Amino acid sequence: MTDALLEVEGLNGYYGSAHVLQDVAFSMGAEPVALIGRNGMGKSTLCNTVMGLCRETQGSIKVLGKEVRGRLPYVVAAEGVGYVPQGRRLFQSLSVDEHLRMIRATRKGRWTPSARSR
């Protein structure tokens, strides 16, 4: 059994016809993680693919050891994955932190406000 909350292995994904994600692999636990890079490097495509918003062609995406690759976004979200895209506030009056607190209040996720400050 792994301690990883999210494991990605050999992930390939596309943005339109462009092969943007090529054999991406990483794992992460409860620690805060930042995904940084220049415009067009595939950050949004990676997040969208993990959430099931982009259909990847191959690879593995596991949440708490359970395969979610190819699942619909609501199924991935039900497994505890939350995603607040940059610049697209669901509710204009809320901050990213407030959006995440709202999500936490509605499901039995592992995210807590204190987890991000470690």
Identify, from the list V81, V8, V20, the residue that is surrounded by 12 or more Cβ atoms within 10 Å (Cβ to Cβ) and either hydroxyl-bearing (S, T, Y) or over 29 Å from E98 (Cα atoms) (or both). V20
Quick one: in the range 84-97, of everything that is surrounded by 14 or more Cβ atoms within 10 Å (Cβ to Cβ) and either aliphatic (A, V, I, L, M) or at pLDDT 70 or above (or both), which residue is farthest from C54 (Cα to Cα)? L94
Can you tell me which residue is nearest to V81 (Cα to Cα) among those in the range 1-22 that are within 14 Å of the chain's Cα centre (by Cα) and in a loop (DSSP other than H, G, I, E, B)? L5
Scan the range 28-44 residue by residue and report those that are assigned to a helix (DSSP H, G or I) and either over 18 Å from G82 (Cβ atoms) or out of contact with any strand residue (DSSP E or B) (no Cβ under 9 Å at 6 or more places or on another chain) (or both). K43
Can you find a residue in the range 48-61 that is part of a helix (DSSP H, G or I) and touching a strand residue (DSSP E or B) at 6+ places or on another chain (Cβ under 6 Å)? yes
Looking at A25, is it in a loop (DSSP other than H, G, I, E, B) and within 19 Å of V81 (Cβ to Cβ)? no
Whether any residue in the range 42-53 is out of contact with any Asp or Glu (no Cβ under 7 Å at 6 or more places or on another chain), more than 24 Å from L100 (Cβ to Cβ) and not β-branched (V, I, T) is what I want to check. no
Residues being under 15 Å from A4 (Cβ atoms) and surrounded by fewer than 15 Cβ atoms within 10 Å (Cβ to Cβ) - total across the range 33-68: 5
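A quick yes/no check of all residues on (1) on the phi < 0 side of the Ramachandran plot; (2) touching a residue at least 60 places away in the same chain (Cβ under 8 Å); (3) not charged (D, E, K, R):
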{"residue": "E7", "(1), (2), (3)": "yes, no, no"}
{"residue": "G10", "(1), (2), (3)": "no, no, yes"}
{"residue": "V24", "(1), (2), (3)": "yes, no, yes"}
{"residue": "V68", "(1), (2), (3)": "yes, no, yes"}
Quick one: R116 ticks every box in (1) basic (K, R); (2) part of a loop (DSSP other than H, G, I, E, B); (3) modelled with pLDDT under 90 except a single one, so which number is it? (2)
Quick one: would you say R71 is over 12 Å from L6 (Cα atoms), of a type outside the set (S, T, Y) and buried (at least 17 other Cβ atoms within 10 Å of the Cβ)? yes
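The values are calculated or read from the model by the stated rules, or taken from the named source; none is laboratory data. What you see is a predicted model; the values in this text were computed from it and never measured. Cβ atoms come from the backbone with ideal geometry, glycine included; neighbour counts cover every protein chain shown.
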